[in-house]
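Every number here is computed from the coordinates shown, using simple stated rules; none is lab data. Owing to the predicted nature of the structure, the values given are computational and were not obtained by experimental measurement. FYI the Cβ positions are ideal-geometry reconstructions off the backbone, even for glycines, and counts take in every protein chain you see.
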Amino acid sequence: MTMEDRGVNRTSAGDPGEDRPATQEPTEVRPAEVRATEVRPAEMEASTDVLASPREAPEPIDPARRADWGNFAPQPVPPPPRPGRIRRLLGHEWTLATLAAVAISALVNRRVLMHPTDTLPQDVGDPSLVAYLIAWTGHALLNDPANLWHTNAFFPAQYGLAFSDSLLGYAPFGMIGSGVTAAILRYNIIFVSAFALVLLGGYALARQLGLGRTPAAVTAGAIAFAPWRLAHGGHLQVLSMGGILLALAMLARGHGVRFRRAGGSGASAGGSQRRSAGWALAGWLVAAWQISLGFGIGLPFAYVLLAVFVVGGLGWAIRWRPGNSRWPPLRLLVADGAGGLIFTGVSVLMAQPYLRVLELYPYARRDASWVDIYSPPPDGLLIAPAESVFWGDLHETARAELSVPGEMTLLPGFALLAFAAAGLFFSVWAIWVRLALLAGAAVTALLALGTNGPGDGRFGYLLLLNLPGFEGIRTPGRLILWTTICLALLAGGAVGALVSRAHAVAQYRGLPQPTTAAQLALLIPLALIVIEGTGDTPQSPVPRPPAALASVAAPYLVLPSDTRDVLVMLWSADRFAPTVNGQSGVDPAELQRIRQEVLTFPDAASVDFLRTVGVRTVVVPTDRAAGTPWEQAATMSIAGLDLRRDVQDDAVIFHLDP
């Protein structure tokens with residue numbers, strides 16, 4: 001070793017991008033030090049004896065000599081300066097992936113962000129309901145957690161939050177801000193964020209299972225831009241499927257599950273990686289958050305998780321051999337136990353109010369007749385919703401034959417179908433992975449047909465009605481999300497094979513990487529998927545509430561009471577005063593009776609009934625009264641009814657208090 005060798009730069013293995021420290025000047029060695037380090041003949045003999053006879057103990061080395069020899073050791077590499085760590089963090093793949101997902105979502109949903117405080121995507125129906133629910137959960141958790149499930153709407157009925165998906169997982173957002181404007185703004189921000197989470201979750205799942213960056217981007221794009229999702233622009237609870245993808249990715253990471261070895265060749269092979277209890281626990285927590293959004297898509301997710309772990313356990317048992325069993329680490333078992341308990345606990349607690357609703361209102365159970373109403377025909381799998389820019393007009397005739405187009409236009413994308421079909425024959429996945437994904441896509445597609453599946457659903461979706469929880473779900477078509485995930489992974493495998501082939505050709509030609517033209521060509525699948533999945537979701541202005549609602553005595557009733565009650569619910573977000581009005585997946589018997597009794601309001605019978613219920617005020621908004629029995633509310637006779645009437649510019653108010 002020469003004196004200059006002591007200043008050689010070194011970097012940590014596995015991080016070629018780490019900043020290299022400056023070259024150090026060699027330390028001057030004085031003659032006395034050189035003489036002190038010379039090896040004398042006696043020492044050489046001793047050293048030779050040690051090598052020849054390893055049983056003899058080596059001669060202790062003098063500390064002074066050890067210090068001298070230390071001058072020839074490699075200089076320690078100092079930790080990188082903090083700015084370097086920040087640069088690496090900002091340039092990390094997952095930082096870039098997150099930023100890209102947010103940017104793409106903001107671009108795709110730019111119309112949502114143009115008027116975020118006074119418009120809602122799609123229409124003012126279900127989005128108003130969801131905006132109200134998020135606002136209510138935040139308000140209730142801050143002010144009256146004991147009555148979380150008993151909303152101010154649907155007075156005097158209870159468990160109003162369990163009449164539909166609760167969106168309880170978004171409650172922390174509901175704690176920020178108050179009032180109608182805040183509720184609308186909050187909804188739009190979550191709407192954009194939900195799309196970004198689907199992109200990020202799909203990318204994370206594909207990367208974890210073994211796909212490279214380009215095929216992972218194709219997988220994420222295929223899921224997020226699936227045309228069927230455009231029909232659910234007003235169903236935030238359906239669009240919020242990013243937690244499913246992210247939870248699966250984290251659980252796969254925690255258990256070391258990979259369908260393809262990282263850095264492997266184009267041929268697919270089953271593989272695994274180092275397991276992590278932390279990632280497994282994080283996956284369970286994300287899964288628990290996902291199911292807290294609602295059981296509409298959360299319940300099938302719970303059964304998918306159960307099936308995955310049962311199949312995984314059986315696979316381990318089949319491969320088990322005496323003396324050759326590799327048990328999972330104890331920390332991983334503990335993480336799975338704790339995470340599974342948390343997930344189960346959240347699911348059970350969430351289920352209690354819904355079970356109570358089924359007890360109070362048995363007609364809320366979804367039997368085969370309910371499922372039949374929302375079951376799409378087989379050709380619905382190839383029909384795009386009206387919001388599709390590419391296929392919307394072309395499929396208008398086919399869509400007109402569907403009774404509920406919003407739940408029956410299930411096209412996952414023709415480009416996706418083509419690439420998934422190619423992935424069956426040309427893929428980085430092993431053959432068993434391809435067959436498993438094909439089976440998953442086929443089975444879930446048949447289940448999504450409901451009563452139009454095999455044997456009129458008797459050998460398909462109707463079997464699911466025997467499982468706990470499915471008696472509360474009426475929309476089988478939403479299972480198409482699992483079909484889309486399987487198809488997207490198949491398509492990602494095909495694109496991964498194209499990427500591998502492009503790199504192989506480049507190496508054959510002596511190039512370090514594919515040419516620019518080849519790299520651009522590899523993005524064609526992603527471009528086709530995004531173009532086909534582009535939509536034109538309208539933005540609907542939200543009508544403002546009558547000024548009187550901010551101060552009238554509660555409980556109050558707004559007439560007419562019908563499907564437009566979702567607006568009354570949203571309007572009540574200013575102070576969450578009790579209101580009779582409500583519109584959701586379940587119409588409680590109390591509301592049905594009130595609507596029937598007030599058809600003749602104002603008369604003695606209806607006034608007495610409302611007082612018996614506890615209603616103190618009836619409000620008739622002027623713009624809602626046209627064409628209803630209350631069109632002349634300002635001049636209708638109230639003689640002998642012990643009522644006070646207050647006619648304002650935008651509403652007529654009847655005060656029932658004596």
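Some observations on this one:
- Computed about its Cα centre, the charge dipole of region 360-485 is approximately 420 debye, with only Lys, Arg, Asp and Glu carrying charge at their Cβ.
- The length gained by stretching the chain between Leu333 and Ile189 to full extension, at 0.36 nm per residue less their Cα-Cα distance, is 48.1 nm.
- Built amide H within the under 5 Å cut-off of Val558, gap 5+: Val580, Asn581, Val619
- For region 118-226, a simple Cβ point-charge model (Lys and Arg +1, Asp and Glu -1, everything else neutral) yields a dipole of about 460 debye relative to the Cα centre.
- Simple spin-label estimate for Trp432 and Asp536 gives 4.9 nm between the two label positions (7 Å along the Cα-to-Cβ direction from each Cα).
- Cα gyration tensor shape for region 338-459, rounded if a/c is under 1.5, else prolate or oblate: oblate
- Taking 20 °C and 1.002 mPa s as conditions, region 473-567 diffuses translationally at an estimated 110 µm²/s according to Stokes-Einstein applied to its Kirkwood radius (Cα pairs).
- 14 Å beta-carbon shell around Tyr461, net charge (K/R +1, D/E -1): -1
- The mean sequence separation of alpha-carbon pairs under 8 Å and at least six residues apart, normalised by the residue count of region 547-655, gives a relative contact order of 31 percent.
- Legend: calculated FRET efficiency, Val310 to Ala418, from the Cβ-Cβ distance at R0 = 30 Å, rounded to 0.05, equals 0.35.
- Measure of compaction for region 582-629 (Cα Rg per 2.2 N^0.38 Å): 1.23
- Simple spin-label estimate for Arg611 and Arg274 gives 7.7 nm between the two label positions (7 Å along the Cα-to-Cβ direction from each Cα).
- Chymotrypsin sites (Phe, Trp or Tyr not before Pro) within region 433-528: DSSP coil, no more than 12 neighbouring Cβ in 10 Å: Phe459
- Hull-based mean projected area of region 273-389, where the convex hull spans the alpha carbons, in square nanometres: 12.4
- Local charge for His150 was computed over the other residues whose Cβ lies under 12 Å away, with Lys and Arg +1 and Asp and Glu -1, and equals 0.
- Residue-normalised convex hull volume from the C-alpha trace of region 547-655: 95 Å³ per residue.
- Region 128-228, relative contact order [Cα under 8 Å, separation at least 6], %: 25
- Global size of region 126-281 as Cα Rg and Dmax, reported in angstrom: 19.4, 65
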